[in-house]
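This report concerns only the one structure given below.
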Amino acid sequence: MTSLKTMMAALLAGSLVATAGVAYAAPDGKSLTFDPAQMQQRLEKRVDRALTGTDATAEQKKKIADILGATFKDMKPLHDQRIENRNAMADAMQAPTIDPAKIEALRAERMKIADESSKRFTKALTDAGNVLTAQQRQAFFKNWGNRDHQHHRRG
């Protein structure tokens, strides 16, 4: 059962990362203007769909959407740092002379950003999970993950 929980948490975290990427990234990799109200509406709809067929209350759904909305707001600076790091790494790799120390420092910074992102997502997952009963939580993860799987198959 633990491996199922781990897998479901990974699915949600992955879909949050994908959703955050869509919310923040333009095709050229530059950051788009973030509209918190629009993101909140999208999250509320997505949470509602993920909890359809459960006995989750409107209050629970709102709390989950608020937790995820706060997470996306918190993640915006980390997303911007990832873009800056990726651009700096590209510049370093295309420089006339490769500086291994600089490249290693950029790699280490990328891992630091990834760790901070992971910690924030884990907190969001825990906070959201604590709002739901075990049955609601299982349905939420299943439905949220299924939606992402279906979306990626179409695309």
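Read the figures in this text as sums done on the coordinates, not as results from a lab. Not measured: the values here are computed from a predicted model. For neighbour counting, all protein chains shown are included, and Cβ atoms are generated from backbone atoms with ideal geometry for every residue, glycine included.
Things worth noting here:
- Calculated FRET value between ALA101 and LYS123, using beta carbons and R₀ = 25 Å, to 0.05: 0.15
- Gain in span if fully extended, ASP80 to THR133, counting 0.36 nm per residue against the direct Cα distance: 15.6 nm
- ³J(HN,Hα), Karplus 6.51/-1.76/1.60, whole Hz, each residue of the range 40-57, x for Gly, Pro: 5, 4, 5, 5, 4, 5, 5, 5, 4, 5, 5, 9, 4, x, 9, 9, 5, 7
- Karplus-derived 3J(HN,Hα), 6.51/-1.76/1.60, for each residue of the range 107-121, Hz, glycine and proline x: 4, 4, 5, 4, 5, 5, 5, 4, 5, 4, 4, 4, 4, 5, 5
- Orientation-averaged projected area, Cα convex hull of the range 33-148 (nm²): 8.6
- Sequence-distant aspartates and glutamates (8 or more away, or on other chains) whose Cα lies within less than 19 Å of LYS73: ASP35, GLU44, GLU84, ASP115, GLU116, ASP127
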